[in-house]
Amino acid sequence: MRVLLVEDDPQLGPDLREELLRSGYAVDLADNGVDGEAMGYEDIYDLVVLDLGLPLRSGLEVLRNWRKRRNNIPVLILTARSAWQERVDGFEAGADDYLGKPFHTEELLVRMTALLRRANQQISSTLEVEGLVLNEKTQSVTLNGAEEVTLTGTEYRLLRYFMHNPSRVLSKLQLVEHLYDDGAENDSNVIEAYIKMLRKKIGKERIQTKRGQGYVFVANL
């Protein structure tokens, strides 16, 4: 899943980006409100982590502008722990969750996962589609109750995105945008290789090729 991180702290921003990358997210970082707002209009992000105390344009103004333009992307705001009024203003502006600074990265990751589950109407902490179960903690997959199969980082991110979008035609470009950040090697031809490896682990019938369009994850076999 691809995340937009809008944080101006010169240490926290890059450090947090690295933590999220290690946790399987593709992450783009903006260090001011103007750039962050513009990037948030791009239809490539699954979630935004938004600091409110930003230069050039406050995070609260950024959030209000998104919602005015019917941009309903899930947003988790970062606030000073004691600033209760900021939290109230954030929720009134359309935030989905908040986390007070300082915070533990583990809590941020749990809250992000919960937001993504709600956005995709997923109840359990695991993703399950017709006998295929993806464990997001171990990054492994189980098919029809058989033994768990370990996935590589890219296989895990690819399968997670497919399972969040069952029966939807996904182009190579869409897959690349949600698997890699801008600084990564994102040759779309690599997607074919990973899909081939993924099919060996979950069954080739699970991911169908739509010639000239992309791929479809089949929910009902």
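Looking only at residues in segment 133-161 that are hydrophobic (A, V, I, L, M, F, W, C) and within 16 Å of Thr113 (Cβ to Cβ), which one is most open to solvent (accessible area, probe 1.4 Å)?
Applying the filter and picking the extreme gives Val133.
Just for segment 211-221: of the residues that are open to solvent by 80 Å² or more (accessible area, probe 1.4 Å) and touching a residue at least 24 places away in the same chain (Cβ under 8 Å), which one is farthest from Glu128 (Cα to Cα)?
The residue in question is Gln213.
Can you confirm whether segment 14-28 contains a residue that is at pLDDT 95 or above, among the small types (Gly, Ala, Ser) and closer than 30 Å to Leu127 by Cα?
No, segment 14-28 contains no residue that is at pLDDT 95 or above, among the small types (Gly, Ala, Ser) and closer than 30 Å to Leu127 by Cα.
List, please: which pairs have Cβ atoms under 7 Å, are six or more places apart or on different chains, and start with a residue in segment 138-155 that is in contact (Cβ under 8 Å) with a residue 24 or more places away in the chain and end with one that is part of a loop (DSSP other than H, G, I, E, B) and among the hydrophobic types (A, V, I, L, M, F, W, C)?
What qualifies is Gln139/Leu151; Val141/Leu151.
Can you tell me which residue among Ile207, Ile191 is open to solvent by less than 20 Å² (accessible area, probe 1.4 Å), at pLDDT 90 or above and on the phi < 0 side of the Ramachandran plot?
Being open to solvent by less than 20 Å² (accessible area, probe 1.4 Å), at pLDDT 90 or above and on the phi < 0 side of the Ramachandran plot holds for just one of Ile207, Ile191, which is Ile207.
Exactly one condition in (1) within 19 Å of Ala119 (Cβ to Cβ); (2) among the β-branched types (Val, Ile, Thr); (3) open to solvent by 10 Å² or more (accessible area, probe 1.4 Å) is false for Val88; which is it?
(1)
Of (1) touching a residue at least 40 places away in the same chain (Cβ under 8 Å); (2) at negative phi; (3) surrounded by fewer than 17 Cβ atoms within 10 Å (Cβ to Cβ), Glu130 satisfies all except one. Which?
(2)
Return a yes/no flag: does segment 84-97 have any residue that is among the β-branched types (Val, Ile, Thr), within 16 Å of Leu29 (Cβ to Cβ) and at pLDDT below 95.
No: zero hits.
Take Val62 and decide whether it is under 13 Å from the mean Cα position of the chain (by Cα), in contact (Cβ under 8 Å) with a residue 24 or more places away in the chain and open to solvent by less than 10 Å² (accessible area, probe 1.4 Å).
Details: under 13 Å from the mean Cα position of the chain (by Cα): no; in contact (Cβ under 8 Å) with a residue 24 or more places away in the chain: yes; open to solvent by less than 10 Å² (accessible area, probe 1.4 Å): yes.
In short, no.
Determine which single condition Val49 fails, assuming it passes every other condition in (1) touching a helix residue (DSSP H, G or I) at 6+ places or on another chain (Cβ under 6 Å); (2) β-branched (Val, Ile, Thr); (3) crowded, with 20+ Cβ neighbours inside 10 Å.
It is condition (1) that Val49 fails.
Taking the criterion of being modelled with pLDDT of 90 or more and either closer than 23 Å to Thr113 by Cα or of a type in the set (Phe, Trp, Tyr) (or both), would at least one residue in segment 169-184 satisfy it?
yes
Checking Pro14 against (1) outside any helix (DSSP H, G or I); (2) surrounded by fewer than 17 Cβ atoms within 10 Å (Cβ to Cβ), which test does it fail?
Condition not satisfied by Pro14: (1).
Among the residues of segment 66-82, is there at least one that is at pLDDT below 85 and buried (at least 17 other Cβ atoms within 10 Å of the Cβ)?
No, there is no match, as no residue in segment 66-82 is at pLDDT below 85 and buried (at least 17 other Cβ atoms within 10 Å of the Cβ).
The values are calculated or read from the model by the stated rules, or taken from the named source; none is laboratory data. This structure is a prediction, so every number in the text was calculated from the model and none was measured. No Cβ is skipped: glycine too gets one built from the backbone with ideal geometry, and neighbour counts run over all protein chains shown. Areas reflect the complete protein model, heavy atoms only, side chains present, ligands, DNA and RNA absent. Shrake-Rupley method; radii C 1.70, N 1.55, O 1.52, S 1.80 Å.
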